[in-house]
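Asks: The structure under discussion is supplied below as structure tokens; questions concerning it will follow.
Taken together, the values in this text are just the output of simple stated rules run on the coordinates, not laboratory data. Predicted model, so just to flag it, every value in this text is computed and none were measured. Every residue, glycine among them, receives a Cβ derived from its backbone with ideal geometry; neighbour counts consider all protein chains shown.
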Number of protein chains: 2
Amino acid sequence: MTDSPFSTKQRILDAAEELFARHGFTGASLRQVTSRAKVNLAAVNYHFGSKDRLIEEVFRRRLDDLNSRRLAALAALHDDATLEDVLRAYIHPALQLSMDSHGGGAFVRVLARAYAEHDNQLRRFLSEHYGDVLKQFAAAFAKRLPALDKAELYWRLDIVTGALTYAMANFGIIQRAPDTSIDRHVEQAAQHLVHFAAAGLRSL
Amino acid sequence: MTDSPFSTKQRILDAAEELFARHGFTGASLRQVTSRAKVNLAAVNYHFGSKDRLIEEVFRRRLDDLNSRRLAALAALHDDATLEDVLRAYIHPALQLSMDSHGGGAFVRVLARAYAEHDNQLRRFLSEHYGDVLKQFAAAFAKRLPALDKAELYWRLDIVTGALTYAMANFGIIQRAPDTSIDRHVEQAAQHLVHFAAAGLRSL
DNA sequence: CCTATGCTCAAACGATCGTTTGATACGAAC
DNA sequence: GTTCGTATCAAACGATCGTTTGAGCATAGG
């Protein structure tokens, strides 16, 4: 029941995440996935039922991890935590996931792609697994930004999320330099994002 | 040589843009495209050579338009233009394109998807058609932000671009309300982005 | 020992993919 | 009127897709 990190299921998930990120959900075939995972082609349908269910599992695995990390970071804050502290609890786990060596970077590109690809189906799936996290953070932000009404706050949080998503996907011109360690790059990116976002959020 | 807006080529481009946005490059088949465009299946390979070349043309058409609009807006500014003015020249044409009724909204989702899908090939294509625009704006920003060194400026411009891209793709929770006109929504989004970005850029 | 269960395997299914072919229609050039 | 290049068409090409099948192998329970 507890499958090892090298079990067939896990190997399929790892390979699928990597290939979905690189070639898209439809672009990556199950034959590519199973070949990379060094398992039989039929193993996907045996363990997951279908390709669509495999895609869902790829999401759930990473998203659950991100959610719990974010909520833990938020819960660890005291009442007198600053706006920057809350921003860091929101931003840092996401950036860390996007850079981690276990294929998290691939996952973020999968995530970005999914918004467009599975138009409303996967979008609903994400909001279900994500809605309460957003609400908890929105409340924490609102407490530190009493001057903003709710509509204005949501506008700005949307902007923050956009900048973060873009940074996670490594889309931008700023990419990790070869002589910078991953941890250091994550710290730099998080620091810039937190600083920028704090100024934007506080602006009157 | 000058093909009408209803020519076979244009109809293919319109249909392809719409379907690529909805289903992805590999997810949308040429049979879907040609069926929607009401042209024969072979017309794509006749007019464009291959599916890949069609994808490139879908990009070039919209991107050239966005580039010229942005540069025109930048050129129209005086020397005493504010940081907000430059931001608006950068942001507003992009948002307008993303909302326009001629399928621009679809194009932006195609754009976002492309970053992940065609790993480096299309990425290079974009930087070639986009590099000088970014440089011109970077210079205009640098002039209004003398306190920022070059590295810091590029970090922050990357953040701005991220927030803008996200907003263009209509990914976020903020979407156009039914009772708000498209133009008004573009104005609102542009105003929020400009305001937020200006604060973030100016922050010490 | 026998059976049942979980898993893997090679092989094949029908469907759909991008692309190519060869025929046909049509207007301009000479 | 004939020729020539452009454009459209139905039909087919081989390749690859997701999925299914049925046999084979292992291990645990009786």
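Asks: Go through the range A:66-78 residue by residue and turn each phi into a ³J(HN,Hα) via Karplus (6.51, -1.76, 1.60, θ = phi - 60°); whole Hz please, and just put x for glycine and proline.
Replies: 4, 4, 5, 5, 5, 5, 5, 5, 5, 5, 6, 7, 8
Asks: Taking the Cα centre of the protein assembly as shown as origin, sum charge times position over the Cβ atoms of Lys and Arg (+1) and Asp and Glu (-1), and report the length of that vector in debye to the nearest 20.
Replies: Dipole of the protein assembly as shown, to the nearest 20 debye: 940 debye.
Asks: If we hang a label 7 Å off Cα along the beta carbon direction at B:Thr82, how far is it from the matching labels on the other copies, in nm, shortest first?
Replies: Once sorted, the set of distances for B:Thr82 reads 2.7 nm.
Asks: Go through A:Ala198, A:Ser7, A:Val160 and say which Cα lies farthest out towards the positive end of the charge dipole of chain A; charges sit on Cβ, +1 for Lys and Arg, -1 for Asp and Glu.
Replies: Going by the charge dipole, the pick is A:Ser7.
Asks: Shifting gears a bit: Return the tail of the calculated pair distribution for the range B:2-62, meaning the percent of Cα-Cα pairs more than 15 Å apart. Provide the component values of the computation, followed by the final result.
Replies: On the way: 736 of 1830 pairs.
The answer is 40 percent, as a whole percent.
Asks: Shielding of B:189-199 by partners, i.e. mean partner chain Cβ atoms within 10 Å per residue?
Replies: Across the residues of B:189-199, the mean count of other-chain Cβ atoms within 10 Å is 5.
Asks: Could you pull the copy-to-copy label distances for B:Ile182, with points set 7 Å along Cα to Cβ, in nm to one decimal and sorted shortest first?
Replies: 4.4
Asks: In whole angstrom, how long is each semi-axis of the equivalent ellipsoid of chain B, when you take the square root of 5 times every eigenvalue of its Cα gyration tensor and sort them from largest down?
Replies: Whole-Å semi-axes of the equivalent ellipsoid: 34, 18, 15.
Asks: Then there is this: What average count of beta carbons from other chains do you get within 10 Å of the Cβ of residues in A:146-157?
Replies: Shielding by partners across A:146-157 averages 2.
Asks: If contacts are Cα pairs under 8 angstrom and at least 6 residues apart, what is the relative contact order of chain A in percent? Walk me through the intermediate numbers first.
Replies: Numbers: 168 pairs, mean separation 45.8, N = 204.
Relative CO of chain A lands at 22 percent.
Asks: OK, next. So, in the protein assembly as shown, how many Lys pairs have Cα atoms under 16 Å apart, if the pair is 8 or more places apart or on different chains?
Replies: 8
Asks: Output the direction-averaged projected area (hull surface divided by four) of the convex hull of the alpha-carbon atoms of the range B:124-170, in nm².
Replies: Mean shadow area of the hull around the Cα atoms is 3.7 nm².
Asks: For the Cα atoms of chain B, what angle does the longest principal axis make with the long axis of helix B:182-202, in degrees from 0 to 90, nearest 10?
Replies: Between helix and principal axis, roughly 40 degrees.
Asks: Counting Lys +1, Arg +1, Asp -1, Glu -1, what net charge surrounds A:Tyr46 among other residues with beta carbon under 12 Å of its beta carbon?
Replies: Numbers: positive: A:Lys9, A:Arg53; negative: none.
It works out to a net charge of +2.
Asks: With just the Cα atoms defining each centre, how far is the range A:134-204 from the range B:7-27? Give it in Å.
Replies: Taking the Cα centre of each part, the range A:134-204 and the range B:7-27 sit 34 Å apart.
Asks: Rounded if a/c is under 1.5, else prolate if a/b is larger than b/c, else oblate: which is the protein assembly as shown, with a ≥ b ≥ c the root eigenvalues of its Cα gyration tensor? Each step should come with its number before you reach the end.
Replies: Numbers: a/c = 1.72, a/b = 1.06, b/c = 1.63.
Oblate, because a/c is 1.5 or more while a/b does not exceed b/c.
Asks: Separate question: What order do you get for B:65-73, B:87-95, A:73-81 when each peptide is scored by the mean count of other beta carbon atoms within 10 Å, highest first?
Replies: Taking the mean over residues of other Cβ atoms within 10 Å, the ranking is B:87-95, B:65-73, A:73-81.
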